[in-house]
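I have placed the structure first, in the form of structure tokens, so that the comments after it can refer back to it.
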Amino acid sequence: MAEPRPHFFNLTRPELQDLVKSYGKEKFRSHQLFQWVYTKGVSDFEQMTNLSKEFRRDLPQLLDISNLEMVSHLKSVDGTRKFLFKLANGDTIESVLIPSEDRRTLCVSSEVGCNMACQFCFTAKQKLKKRLTAGEIVLQFLMVQKALPAEERISNVVFMGMGEPLDNPENVFKAIDILHDQVGLNFSRKRITVSTSGLVPQIDLIANSGARLAVSLNATTNHLRDKIMPINRKYPLEVLLQACKDYYKKTKESITFEYVLLKGVNDSTDDAKRIHKLTRGLECKINLIPFNEHPEADFKRPNGDEVHQFQRVLMDLGMHVLIRRTMGRDIYAACGQLRTLYEKHPGKMSQEEMRA
Ligand code: SF4
């Protein structure tokens with residue numbers, strides 16, 4: 001059986017350079033290919049007019065340059081856009097574009113399903129099926145950018161979609177290298193955030209990559225965190241926080257702690273005080289995320305007053321705290337929800353049908 005062709009979007013420029021060289025072509029051809037695809041948005045080899053006719057004719061046999069299939073693109077009344085993509089193997093993944101005053105943040109998936117089993121997470125109900133390739137991550141960026149009006153550019157990327165990015169480090173950090181390549185998209189590493197549930201040994205990879213660290217904290221005692229985030233049994237809070245301190249020492253970059261507020265579970269005044277104690281000595285920001293209730297949820301969302309009271313305690317302790325608004329409620333905001341709906345009703349994907 002013939003070897004499968006390498007996929008263009010899986011390759012860093014040095015890898016493409018080696019490949020092009022192995023076909024007997026000059027190294028700079030990889031530079032030209034990168035420019036055509038990433039800066040000019042051309043993925044039809046035939047249109048790459050500074051390549052020889054012969055090379056253009058051979059390229060489709062040498063490289064696979066296929067895209068993901070966009071199954072759905074839903075736009076919320078608040079401007080959030082949610083995308084569902086089908087991979088070559090038929091699995092589906094979600095990407096979400098979240099607009100705010102000064103940025104457009106793309107939340108990308110790194111896996112199909114997830115094995116971390118966080119109790120409050122909808123994606124966790126779908127066990128890990130596949131770790132995405134670097135190309136499948138890069139294509140989420142490219143295809144969302146292409147679907148936006150010309151004047152709207154993605155300004156930030158967060159690895160907070162489906163999956164634990166540090167459970168797929170090779171492909172996640174390769175995708176970051178591709179997004180950052182100066183001959184191509186030249187996307188700043190500082191505008192990329194990798195969020196982890198607490199895979200401590202891999203946190204240093206984030207420091208080395210130049211991306212920002214976010215930690216999904218969600219509990220302030222090992223007793224509770226062991227229950228709602230099983231990764232804590234392996235890497236308890238004191239070990240996780242030490243890794244954060246090491247990251248900060250190495251990079252001097254501020255860390256984001258995400259804290260999903262679960263009514264009556266982790267939203268007491270004592271919890272707020274413990275957040276302050278745990279993060280002492282770190283430059284950090286706390287993102288409070290009132291739990292996004294969904295049909296299969298075992299937890300409740302605290303009301304607005306309770307959320308503000310929690311924020312107030314942290315602010316009085318001098319912390320930088322934001323409350324994340326729930327965006328895209330009308331388009332299945334909980335991560336993994338759209339994908340589940342599609343798998344139950346694969347024919348129903350227009351905006352109107354989905355709302356029906
Ligand atoms: S919160 Fe993140 S790490 Fe935890 S199960 Fe969900 S996708 Fe996985």
Compute the Rg to Rh ratio over the range 130-280 from the alpha carbon atoms, using the Kirkwood formula for Rh, and round to two decimal places.
1.01
Can you tell me the 0 to 90 degree angle between the C-alpha axis of helix 13-22 and the longest principal axis of the chain, rounded to 10?
30 degrees
For the chain, longest principal axis from Cα atoms; helix 169-180 axis from its Cα atoms; angle between them, nearest 10 degrees, is 70 degrees
Taking θ = phi - 60°, what integer Hz values does the Karplus form 6.51 cos²θ - 1.76 cosθ + 1.60 yield along the range 234-243, in sequence order, with x for Gly and Pro?
8, 10, x, 3, 5, 6, 4, 5, 5, 5
Before rounding to the nearest 500, sum -39500 (n - 2.57) across all DSSP H runs of length at least 4 in the chain and divide by the residue total; then give [θ] at 222 nm in deg cm²/dmol.
-10000 deg cm²/dmol
Loop GluC sites (Glu not before Pro), the range 42-108, which have at most 15 other Cβ atoms in a 10 Å radius of their Cβ (DSSP)
E101
Please report the spacing between the Cα centers of the range 186-217 and the range 65-110 in Å, no decimals.
21 Å
Report, by chain and number, residues whose modeled amide H sits under 5 Å from the one on V71, excluding near sequence neighbours (fewer than 5 apart, same chain).
L84, F85, K86
Mean separation of Cα contacts under 8 Å (6+ apart) over length of the range 69-355, as relative contact order %
17 percent
Taking the Cα-to-Cβ direction at E101 and at A117 and moving 7 Å from each Cα, how far apart do the two end points lie in nm?
4.3 nm
Tell me which of V321, A88, M143 sits at the most positive position along the dipole axis of the chain, charges placed on C-beta atoms (Lys, Arg +1; Asp, Glu -1).
V321
Report the label-to-label distance for E296 and K130 in nanometres (one decimal), using points 7 Å from each Cα along the Cα→Cβ vector.
1.9 nm
Segment K53-A147, length gained on full extension (0.36 nm per residue, minus Cα span)
30.8 nm
Apply the Karplus parameterisation 6.51 cos²θ - 1.76 cosθ + 1.60, with θ equal to phi minus 60°, to every residue of the range 310-316 and state each ³J(HN,Hα) to the nearest whole Hz, in sequence, with x for glycine and proline.
4, 4, 4, 4, 5, 5, 5
Straight-line reach from K25: which lysines have Cα under 29 Å away, leaving out those fewer than 8 places along the same chain?
K40, K53, K174
Take the alpha carbon atoms of the range 248-307, find their center, do the same for the range 23-55, and report the distance between the two centers in whole angstrom.
47 Å
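The range 8-62: D in µm²/s via Stokes-Einstein (Kirkwood Rh, Cα pairs, 10 °C, 1.306 mPa s)? Show your work: numbers first, answer last.
Values: Rh = 11.2 Å.
Value of D from the Cα-based Kirkwood radius: 142 µm²/s.
Expressed in nm to one decimal, what extension gain is obtained for the pair N89 and K190 from 0.36 nm per residue of sequence separation less their Cα-Cα distance?
Values: separation 101, 0.36 × 101 = 36.36 nm, distance 3.24 nm.
Answer, rounded to one decimal: 33.1 nm.
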Too long at a 23 Å Cα-Cα cut-off: which of K190/K227; K190/K245; K130/K245; K190/K250; K82/K146?
K190/K227; K130/K245
Give me the angle, in degrees from 0 to 90, between the Cα long axis of helix 134-147 and the longest principal axis of the Cα atoms of the chain, rounded to the nearest 10.
90 degrees
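Convex hull volume of the Cα atoms in the chain, per residue, in Å³? Each step should come with its number before you reach the end.
On the way: hull volume 54.8 nm³, N = 356.
Taking only Cα atoms, the chain has a hull volume of 154 Å³ per residue.
Computed from the coordinates by the stated procedures, all read-outs in this text should not be read as laboratory data. What you see is a predicted model; the values in this text were computed from it and never measured. Neighbour counts are summed over all protein chains in view; Cβ atoms, including those assigned to glycine, are modelled from backbone coordinates with ideal geometry.
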